[in-house]
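J.: Just dropping this structure here.
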Amino acid sequence: MKNASNKVRLYLFAGVVAAFAGALWFQPESAFSQTKPAWQERWEKVLADAKKEGTVVVLGPPGDLIRNAMTEGFRKAYPNINMEYSGRRSGEQAVKLGAERDGGIFSADVFVGGPTTANFQLKPMKALDPVRPALILPEVADVKYWRDNRHEFSDTDGLYDLVFVGQVSAPLIYDPRQVKREEIDELYELLDPKFKGKIVINDPLVSGAAVPVFRFIWETLGPQKATDYYKRLRAQAGAVDRDQRRQIEWIAQGKYAILVAPSDGVMAQLLQRGIKFEVLEDFKDHGTYIGASFGTAMLINKAPHPNAATVFLNWLLTKEGQLLWSKAMNHVSRRLDVPIDHLFAYTIPKPGVKYWIGYSEKAQTRTPEEEKILKDLFAR
Amino acid sequence: MPRLSWTSIILLPLFGVVLLVTAYPVALIFLKSFALSRPGQPTVWGLQGWISAFGDRALLPVLANTFSLATVRIAITTVLALFFAWVVARTDTPFKGAIEFALWLGFFLPLLPMTMGWILLLDSHYGLLNKALVKVLNLSAAPFNVFSYWGIIWCHLAFSTSVRFLLLTPAFRAMDAVLEEAAQVSGSTTLGTLLRITIPVLAPAVLASTALGFIKSLESFEIELVLGVPAGIYVLPTRIYDFLHWEPPLYGRATALSSVFLVVIFALVWLQRLMLGARQYTTVTGRGYLVRPLALGAWRWVTFAICVLFIAVMILLPLGTLVMGTFMEVFGFFDLAKVWTARHWNAAFHDPTFLRSLWNTLTLGLGASILGTLFYLSVSYCIARTRLPGRKLIDLLSWLPWALPGVLISLAMLWAVLGSGGVLKPLYGTVSLLILAIIVKEMPLGSQIIKAGVLQLSKELEEASDTSGASWLTTFRRILIPLLTPTLSAVAIITFISAVREIPAVVFLSTNQSRTISLLMLDSIAEANMERAAIIGLFIVFLVLVLLLLARLVGSGLRP
């Protein structure tokens with residue numbers, strides 16, 4: 001009896017298993033799709049809608065290298081979505097965008113540019129949508145792929161301006177035929193009388209690389225010491241210049257010995273082309289700062305192609321998109337899996353070193369006191 | 001009178017158009033300069049922008065530099081341009097055609113890359129010419145420094161002289177030689193005839209070109225920015241440039257400073273009217289006129305030598321340096337592992353947007369030059385030949401676009417078009433809007449030069465046509481236009497060049513679909529790739545020369 005009842009139980013169990021397996025086998029396909037991760041379902045829908053929209057309009061930095069890298073890279077990845085890339089200086093882009101919106105024209109989808117424009121023009125204009133909800137692809141949304149295990153934002157709300165570039169900005173370059181590295185690797189060494197007339201300063205009164213360098217000095221030394229430092233540094237200068245390329249060439253040609261606040265982008269381009277000068281990546285005593293350059297991304301609200309904008313944003317933040325950006329702009333991506341072998345070593349942040357963050361909304365704002373002293377010293 | 005009324009019916013709407021395209025955008029941007037609020041915030045009005053702009057203690061030396069540089073430049077270029085126009089149009093100097101062509105070339109060449117050529121030659125540390133002179137003459141220091149007051153003036157000479165030569169030559173050509181011959185028969189020397197007869201008779205053209213040149217000199221900033229800033233020489237346009245390139249741009253302050261130009265323009269227009277007064281400046285009458293060139297004898301070789309010297313030193317030398325530089329890995333660096341390369345040329349012409357940009361550029365250039373010249377002719381005719389009420393106001397308004405830098409014109413047009421509530425909005429994103437912007441921007445030059453040309457023509461020519469029964473339109477078409485052809489051609493060419501190489505005036509109005517070659521050049525400048533920017537600049541020169549030759553061929557083919 002016991003054997004019989006065991007057999008019955010066994011048959012019953014086998015029957016239940018078979019029925020369950022059969023039920024699974026004959027389930028309609030839709031039931032399988034429920035097993036797809038939520039992100040994938042959402043991505044497929046966004047992609048399908050983006051294809052219907054057909055176009056994405058991106059406002060980005062000027063230059064044919066970045067324009068061609070973005071348009072060709074995106075076309076290869078998503079051949080059914082046409083990209084219209086418009087490259088201009090960020091400030092001008094924002095003014096044009098504002099005028100268009102005032103006139104009832106909403107033509108742009110994504111803005112890729114400097115954090116100053118994001119925080120002081122586009123955010124007050126209420127032209128931005130939060131970025132986080134649009135991060136869909138796991139390799140983009142998952143913070144483990146990003147430096148410091150987080151998505152970085154330049155705006156204090158942490159919503160609108162996603163920072164995808166973070167690189168060490170060199171405070172100065174020098175001519176090794178005239179100066180030894182150890183003579184200038186501390187901030188106050190630049191004030192040595194032997195350098196009087198041998199220093200070029202990139203003008204801090206116009207937008208560009210000099211603004212964050214002088215902000216860094218101000219924040220690092222504090223108002224009182226920084227005021228004194230600015231005055232003494234200005235007195236050392238042989239020239240104050242705005243042409244970001246020529247001032248670097250002056251160092252390479254030996255016309256001046258030291259350039260304070262060189263432009264990262266121009267410097268990288270000229271180094272690649274074989275011009276010779278040395279880079280001081282940080283001061284031994286005060287370090288340096290991390291900048292984002294043009295490497296921050298925003299979503300424009302009331303966009304004509306919101307789904308295509310989401311597809312572009314996700315693509316830009318993938319390893320592939322970031323590598324193309326990095327190669328075209330010589331920028332260090334905040335993504336951890338993007339190769340860095342094509343970049344100059346001095347731009348890559350060193351582990352364990354604390355840098356001043358130059359791209360945050362707070363860091364970009366000059367105090368009235370600082371504004372005044374810079375004007376007094378540099379405006380003529 | 002009924003005929004005047006008929007003319008008025010045709011021409012009055014033109015006044016409306018001039019008002020709309022000049023006064024409205026300029027008024028709009030001046031109004032917005034009083035807005036203090038940041039984008040997206042409720043508008044607050046105030047004088048803060050103006051107070052900040054004019055409260056700057058550094059402004060006085062800046063103004064002094066601006067006026068000093070402009071005055072010296074205009075004095076030198078007036079003498080040079082008058083001389084060259086006289087040589088080409090009124091004398092028997094040999095190879096006049098080649099001299100004229102070379103001087104035109106001076107106007108076509110891109111300013112910024114040409115300045116790079118001068119820096120490579122005249123930098124006090126590494127300038128090639130300086131190095132050569134130090135070696136040959138055994139000097140202890142470089143004799144020239146391009147980063148200086150006189151360096152700025154020197155680098156301006158070729159372009160400024162060429163443009164004024166271009167404006168003056170048609171007037172010299174349209175002058176009856178009988179006046180000069182009468183002076184010489186009366187015992188005047190060649191120089192005396194030039195100074196006492198030729199130049200005074202051409203006063204409207206000389207004054208118009210001087211006024212235009214002076215304002216353009218005041219507004220010039222590219223060379224001043226490159227050469228002046230390192231030398232500590234700041235001018236008003238570089239200060240405006242600072243405001244425009246601040247982040248976010250300070251358009252209010254830039255507009256406030258631009259009001260200085262407005263004051264200068266009003267003063268110059270008033271001065272011009274005062275000097276010309278009610279005198280007659282007709283040099284072309286119904287009697288038929290003599291264009292026989294003045295025989296200079298052996299002196300013609302002296303005039304020829306002066307022209308060749310100017311062209312060789314001021315145009316060909318920096319041009320040669322510039323062309324050489326485009327084949328260098330880095331312009332001016334002879335100590336690199338790989339000095340020479342053709343890759344900049346390859347890259348410039350392999351941009352995927354190049355062909356579309358080229359097409360847009362040609363459309364813009366031809367559209368602006370044809371429509372613009374017709375428009376300027378109509379405006380000038382109204383001012384010089386009719387008694388329509390308000391014509392003096394139109395004369396004044398036609399100067400307005402030069403009261404603002406190109407970027408602000410572009411912004412003003414953007415605001416005007418997008419705020420037009422659907423009337424002009426469809427133009428946005430098309431090349432048509434760029435054409436409109438160029439026509440507006442070049443209106444002072446076009447209308448003033450054609451006006452000077454019209455003032456040279458005696459009214460008796462039109463009256464004779466009228467008496468013979470020709471309609472107003474027939475007289476306009478068969479008498480006025482043929483006599484003005486040299487002036488109209490010069491204006492058309494200048495407008496074409498301005499259109500194809502303009503950047504600031506179109507920067508806010510262009511979109512992906514209406515991008516021009518000059519904006520590709522801007523891309524290269526933004527990447528600090530001056531070699532490629534220079535190549536695009538040279539390509540624009542080539543384009544203009546090809547079109548000029550084609551126009552000449554077509555013109556000679558059509559001639560009976």
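Derivation of every value follows stated rules applied to the coordinates shown; laboratory data play no part. Here the structure is a predicted model, which means the values were calculated and not measured. Glycine also receives a Cβ, built like all others from the backbone with ideal geometry; neighbour counts cover every protein chain displayed.
J.: Which whole-Hz ³J(HN,Hα) couplings does region A:224-239 yield from phi under the Karplus relation 6.51 cos²θ - 1.76 cosθ + 1.60, θ = phi - 60°, glycine and proline marked x?
T.: Values, residue by residue: 5, 5, 5, 4, 5, 5, 4, 4, 5, 5, 4, 5, 6, 5, x, 7 Hz.
J.: Let's see if you can work this out: charge +1 on each Lys and Arg Cβ, -1 on each Asp and Glu Cβ, no other charges. What is the dipole magnitude of the protein assembly as shown about its Cα centre, in debye to the nearest 20?
T.: 1120 debye
J.: Two decimals is fine: what's Rg over Rh for region B:35-175, C-alpha atoms, Kirkwood radius as Rh?
T.: 1.16
J.: How big is the C-alpha Rg of chain A next to the rule-of-thumb value 2.2 N^0.38 Å, as a ratio?
T.: 1.29
J.: Let me ask you something else. Provide the packing ranking of B:352-359, B:268-275, B:254-261, i.e. peptides ordered by the mean count of other C-beta atoms within 10 Å per residue, highest first. Could you put the intermediate results ahead of the total?
T.: On the way: B:352-359: 15.1, B:268-275: 13.5, B:254-261: 23.2.
Ranking, from highest mean packing down: B:254-261, B:352-359, B:268-275.
J.: Residue by residue through region B:457-470, which ³J(HN,Hα) values in whole Hz follow from phi under the Karplus form 6.51 cos²θ - 1.76 cosθ + 1.60 (θ = phi - 60°), with glycine and proline marked x?
T.: Per-residue couplings from phi come out as 8, 6, 5, 4, 5, 6, 5, 5, 5, 4, 5, 6, x, 6 Hz.
J.: Calculate the mean, over all residues of peptide A:95-104, of how many other protein chain Cβ atoms lie within 10 angstrom of the residue's Cβ. Kindly include the intermediate steps, with their values, before the conclusion.
T.: Numbers: counts 9, 9, 1, 3, 9, 6, 3, 5, 11, 5.
Mean number of neighbouring Cβ atoms from other chains: 6.
J.: Additional query: Give me the inter-chain shielding for B:518-526: mean count of other chain Cβ atoms within 10 Å, whole number please.
T.: 4
J.: Specify, per residue and in Å³, the volume enclosed by the convex hull of the alpha carbon atoms belonging to the protein assembly as shown.
T.: Spread over its residues, the Cα hull of the protein assembly as shown gives 227 Å³ apiece.
J.: In the structure displayed, which of A:Lys36/A:Lys302; A:Lys255/A:Lys375; A:Lys36/A:Lys123 lie more than 28 Å apart, Cα to Cα?
T.: Correct reply: A:Lys36/A:Lys302; A:Lys36/A:Lys123.
J.: Skipping prolines and chain starts, which residues have an amide H placed within reach, meaning under 5 Å, of the one on A:Asn82, given they are 5 or more residues away or on another chain?
T.: A:Thr55, A:Val56
J.: Calculate one ³J(HN,Hα) per residue across region B:107-113 by plugging θ = phi - 60° into the Karplus curve 6.51 cos²θ - 1.76 cosθ + 1.60, and present them in order as whole Hz with x for glycine and proline.
T.: My calculation for region B:107-113 gives 7, 6, 5, x, 4, 5, x Hz in order.
J.: For region B:416-471, what mean projected area does the convex hull of the alpha carbons give, in nm²?
T.: Projected area, direction-averaged: 6.2 nm².
J.: Also: Using only atoms on other chains, find how many Cβ atoms lie within 10 Å of each Cβ of peptide B:326-338 and report the average.
T.: Neighbouring Cβ atoms belonging to other protein chains average 3 per residue here.
J.: Using every alpha carbon pair in region B:462-560, what percent of pairs falls into each 10 Å bin from 0 up to the bin containing the largest distance?
T.: 13, 29, 24, 18, 11, 4, 0
J.: Which pairs, out of A:Lys372/B:Lys32; A:Lys52/A:Lys96; B:Lys32/B:Lys441; A:Lys52/A:Lys362; A:Lys276/A:Lys319, put more than 30 Å between their alpha-carbon atoms? Please list the in-between numbers first.
T.: Numbers: A:Lys372/B:Lys32 26 Å; A:Lys52/A:Lys96 27 Å; B:Lys32/B:Lys441 20 Å; A:Lys52/A:Lys362 41 Å; A:Lys276/A:Lys319 32 Å.
Those over the limit are A:Lys52/A:Lys362; A:Lys276/A:Lys319.
J.: So, one more: With a cut-off of 8 Å between alpha carbons and a minimum separation of six or more residues, what is the relative contact order of chain B in percent? List each step's numbers first, then the result.
T.: Numbers: 714 pairs, mean separation 118.8, N = 560.
Relative contact order comes out at 21 percent.
J.: Sticking with this one: Taking the DSSP beta bridges in the protein assembly as shown as the whole, what percent of them are antiparallel, to the nearest 5?
T.: Details: 24 of 43 bridges.
The answer is about 55 percent antiparallel.
J.: What are the residues whose amide H is under 5 Å from the amide H of A:Thr288, where those residues sit 5 or more places off or on another chain and H is modelled from the backbone?
T.: Amide H to amide H, under 5 Å and 5 or more residues apart or across chains, A:Thr288 pairs with A:Phe283, A:Trp356.
J.: So what are the three principal axis dimensions of chain B from its Cα atoms, in whole Å, longest to shortest?
T.: So the extents along the principal axes, rounded to whole Å, are 75, 70, 49.
J.: Mean 1/r over all different Cα pairs, inverted: what Kirkwood radius does region B:31-76 give, in Å?
T.: One decimal place: 13.0 Å for the Kirkwood radius.
J.: Rounded to the nearest angstrom and ordered from largest down, what semi-axes does the equivalent ellipsoid of region A:224-296 get from its C-alpha gyration tensor (root of 5λ)?
T.: In descending order the semi-axes read 22, 18, 12 Å.
J.: Just want the ordering: A:Ile300, A:Ile201, from fewest to most Cβ atoms lying within 10 Å of their own Cβ.
T.: A:Ile300, A:Ile201
J.: Also, quick follow-up: Let's see if you can work this out: charge +1 on each Lys and Arg Cβ, -1 on each Asp and Glu Cβ, no other charges. What is the dipole magnitude of chain B about its Cα centre, in debye to the nearest 20? Mind showing how you got there, number by number?
T.: On the way: 38 positive and 25 negative charges, 195 e Å.
For chain B, the charge dipole is close to 940 debye.
J.: Taking the Cα atoms only, what angle lies between the long axis of helix A:38-53 and the longest principal axis of chain A, rounded to 10 degrees?
T.: That works out to roughly 70 degrees.
J.: Across 10 Å bins from the origin, how do the percents of Cα pairs in region B:59-338 run, short distances first?
T.: Result, from short to long distances: 6, 23, 29, 24, 13, 4, 1, 0 percent.
J.: Skipping prolines and chain starts, which residues have an amide H placed within reach, meaning under 5 Å, of the one on A:Val240, given they are 5 or more residues away or on another chain?
T.: Residues meeting the criterion, in which the H sits 1.01 Å from N, are A:Ile201.
J.: To continue, here is another question. Report relative contact order for region B:59-338 in percent, whole number only (criteria: Cα-Cα under 8 Å, sequence separation at least 6).
T.: Numbers: 292 pairs, mean separation 87.1, N = 280.
Relative contact order comes out at 31 percent.
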